[in-house]
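Student: I'd like to ask you about the structure that follows.
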Amino acid sequence: MLKRKIEDTLIDWKNRPKHKPLVIMGIRQCGKTFIARHFATENYKNVVYINFIKEPERINAFTGSKDVDNILLNLSAQIRGVKFIPGETCLIFDEIQECPEARTSLKFFKEDGRFDVIATGSLLGVRGYGDEIRKRHRKLIRKEDTGINSVPVGSEEIIEMYPLDFEEFLWGNGLTSDVIDALRKCCKEETPVPAGIHIAMKKYLNLYVATGGLPAPINAFLTTNNMNAVSREYQNIIKEYRDDMVKYAPDKDKPHIRECFNSIPKQLAKDNKKFQYSIVKPGGRSETYMGSLQWLEDAGIICRCYNTDITGLPMEGNAKDNVFKVYTADIGLLIEMLGPGTRADILQGDLGGFKGAIYENLMADTLHKKHQNLYYFQKDSGLELDFLVRMKGECVPIEVKAKSAQAKSARTVLKHPDKYGVKQIIKFGDYNVGREGQLLTLPSYMQFLLNLQPEEIILEPIDVDAVNAMAKEILYQ
């Protein structure tokens, strides 16, 4: 089976005293159901699994009273031989978006405390579940637009699951931690990667781009070693996405969602990759397509990269809501959309084609799976940097290029530190580790090593007694 980083998150959740029911949300086919069932089987003596799509009759168990004993009684009447053992049972509510009553019941399972509950749901069907699912979104979906209510805010823990990142892909292909630790050491010490590892890692990266991060295509490759099998899996997945566009989207957006989705390769083919509604359809306007694009983002299919003309923090505060690029949330989706022959080109090392779209989408894929909001720098003067990230309390531009020479924008920004406040730029491309002044060049396969964890903040304790003493001195002087 494919090892996933979310397994550590699940273990931490289980080990926390008085933990809440857990809701795992994510794009379709990212492995939510498999990981929930595998984790429960490994960590509980008794597992009760319910799939509300395959077993719609189970919905009846949650109607009426939400008392936990009543729910368990109803389930025991429906499921032959089921057991509910306090402290040893995990209930899995799969496709919970199909049963809002089950979502509401999580509050009562939390208050009851006898059983652990893991719910899974596709982002495609949970638009009405509010900010807590995708807090980074600027635009909120109105409750009255969804028909879904009674979300148990505060009674559940929500995590979002993503497709496999490059490191997980390497695990799946049998690479040991020694290899990854060696790469991390070269990156930290800024020393070139030995030629043998460097060549192998370039091939693995091309393979990852060709297969993407969704488990079914990866398993198809590992089983058959055949890219046609990978393509068939992606065709099935994209068909599911399109079916769900019809099933879950508001009626007013249904005609336009597919148009927005299909336009992504054309949007990224332009020299200026800013998303333009007129590319979706001649004469297209934001009023027509804004909701459709938002739906695709809420579904986890795309991620937006917002423009800012300031290289400073906080990037969220400087971003322009109406100027953005659009990337697929998983690189494999874009490759499938680019058509036959693209995978063959990539496996032969032609990753720099399509006007840099693949390079940029690969970086967006990496940052998105690191739970990062995406930003890029561009000014009317023509200066542009592909991405901006926060590292160690500073805004650090990232360039993704095929050539090793400094781009004009990077040179300009580095020459004027007082104006732009940039101390270094990191550039990823088809070359080894190196540094030229403030420009650090890294091979593209090192993107997953970016350390974007928030800075640890340690506060000195406040001497309360001293503060009280000083206050008394002031009062009695």
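Student: Among the numbered criteria (1) surrounded by fewer than 16 Cβ atoms within 10 Å (Cβ to Cβ); (2) part of a helix (DSSP H, G or I), which single criterion is violated by THR191?
Tutor: Of (1) surrounded by fewer than 16 Cβ atoms within 10 Å (Cβ to Cβ); (2) part of a helix (DSSP H, G or I), only one is false for THR191: (2).
Student: Please enumerate the residues belonging to the stretch 342-381 that are farther than 17 Å from LYS273 by Cβ, of a type in the set (Lys, Arg) and either without any contact (Cβ under 8 Å) to a residue 12 or more places away in the chain or outside any loop (DSSP other than H, G, I, E, B) (or both).
Tutor: Those that are farther than 17 Å from LYS273 by Cβ, of a type in the set (Lys, Arg) and either without any contact (Cβ under 8 Å) to a residue 12 or more places away in the chain or outside any loop (DSSP other than H, G, I, E, B) (or both): ARG343, LYS369.
Student: Let me ask something else. Run GLY196 past the list (1) out of contact with any strand residue (DSSP E or B) (no Cβ under 8 Å at 6 or more places or on another chain); (2) in contact (Cβ under 8 Å) with a residue 24 or more places away in the chain and report the number of the one that doesn't hold.
Tutor: (2)
Student: Applying the selection to the stretch 248-291, what residues are more than 26 Å from GLY356 (Cα to Cα) and in contact (Cβ under 8 Å) with a residue 40 or more places away in the chain?
Tutor: The answer is TYR248, ALA249, PRO250, ASP253, GLY291.
Student: Of all residues in the stretch 421-464, how many are among the acidic types (Asp, Glu) and either under 21 Å from LYS185 (Cα atoms) or at pLDDT 95 or above (or both)?
Tutor: 3
Student: I need the full set of residues from the stretch 294-340 which are free of Cβ contacts under 8 Å to residues at least 40 places away in the same chain and assigned to a strand (DSSP E or B), in order please.
Tutor: LYS320, ASN322
Student: Of the residues THR176, THR211, which is surrounded by 12 or more Cβ atoms within 10 Å (Cβ to Cβ) and polar (S, T, N, Q)?
Tutor: None of the others qualify; the one that does is THR211.
Student: Something else now. Take ILE425 and tell me if it is among the aliphatic types (A, V, I, L, M), farther than 23 Å from VAL209 by Cβ and within 32 Å of the chain's Cα centre (by Cα). Steps first, answer last, please.
Tutor: Numbers: among the aliphatic types (A, V, I, L, M): yes; farther than 23 Å from VAL209 by Cβ: yes; within 32 Å of the chain's Cα centre (by Cα): yes.
Criteria met by ILE425.
Student: Among the residues of the stretch 106-113, is there at least one that is surrounded by 22 or more Cβ atoms within 10 Å (Cβ to Cβ), of a type in the set (A, V, I, L, M), at pLDDT 95 or above and in the same structural domain as TYR49 (by TED's automatic domain parsing)?
Tutor: Checking the stretch 106-113: at least one residue is surrounded by 22 or more Cβ atoms within 10 Å (Cβ to Cβ), of a type in the set (A, V, I, L, M), at pLDDT 95 or above and in the same structural domain as TYR49 (by TED's automatic domain parsing).
Student: Show me the strands (runs of 3 or more DSSP E) entirely contained within the stretch 402-477 in which 1 or more residues are among the basic types (Lys, Arg) and outside the structural domain of GLU190 (by TED's automatic domain parsing).
Tutor: Qualifying strands (runs of 3 or more DSSP E): 425-429, 434-436.
Student: Now for a different question. Going through LYS247, LYS254, LYS274, LYS202 one at a time, which residue ends up being basic (Lys, Arg), farther than 19 Å from GLY341 by Cα and in contact with a Pro (Cβ under 9 Å, 6 or more places away or on another chain)?
Tutor: Selected residue: LYS202, the only one of LYS247, LYS254, LYS274, LYS202 that is basic (Lys, Arg), farther than 19 Å from GLY341 by Cα and in contact with a Pro (Cβ under 9 Å, 6 or more places away or on another chain).
Student: Also, quick follow-up: What number goes with the only condition from (1) under 21 Å from the mean Cα position of the chain (by Cα); (2) modelled with pLDDT under 95; (3) surrounded by fewer than 17 Cβ atoms within 10 Å (Cβ to Cβ) that LYS370 does not pass?
Tutor: It is condition (2) that LYS370 fails.
Student: I've got another one for you. With the checklist (1) within 21 Å of ASP271 (Cα to Cα); (2) surrounded by fewer than 20 Cβ atoms within 10 Å (Cβ to Cβ) in hand, flag the one item GLY434 doesn't pass.
Tutor: (1)
Student: Just checking, does the stretch 453-466 include any residue being buried (at least 17 other Cβ atoms within 10 Å of the Cβ) and either without any contact (Cβ under 8 Å) to a residue 24 or more places away in the chain or of a type in the set (Gly, Ala, Ser) (or both)? So that I can check it myself, show each step before the final result.
Tutor: The first filter runs over the stretch 453-466 and keeps only residues buried (at least 17 other Cβ atoms within 10 Å of the Cβ), leaving none.
Looking through the stretch 453-466, none of the residues is buried (at least 17 other Cβ atoms within 10 Å of the Cβ) and either without any contact (Cβ under 8 Å) to a residue 24 or more places away in the chain or of a type in the set (Gly, Ala, Ser) (or both).
Student: On to the next question. Determine which member of the set GLY64, GLY31 is in the same structural domain as ILE96 (by TED's automatic domain parsing) and at pLDDT 95 or above.
Tutor: That would be GLY31, the only listed residue that is in the same structural domain as ILE96 (by TED's automatic domain parsing) and at pLDDT 95 or above.
The values are calculated or read from the model by the stated rules, or taken from the named source; none is laboratory data. This structure is a prediction, so every number in the text was calculated from the model and none was measured. Methodologically, a virtual Cβ is constructed for each residue, glycine included, from the backbone with ideal geometry; neighbour enumeration extends over all protein chains shown.
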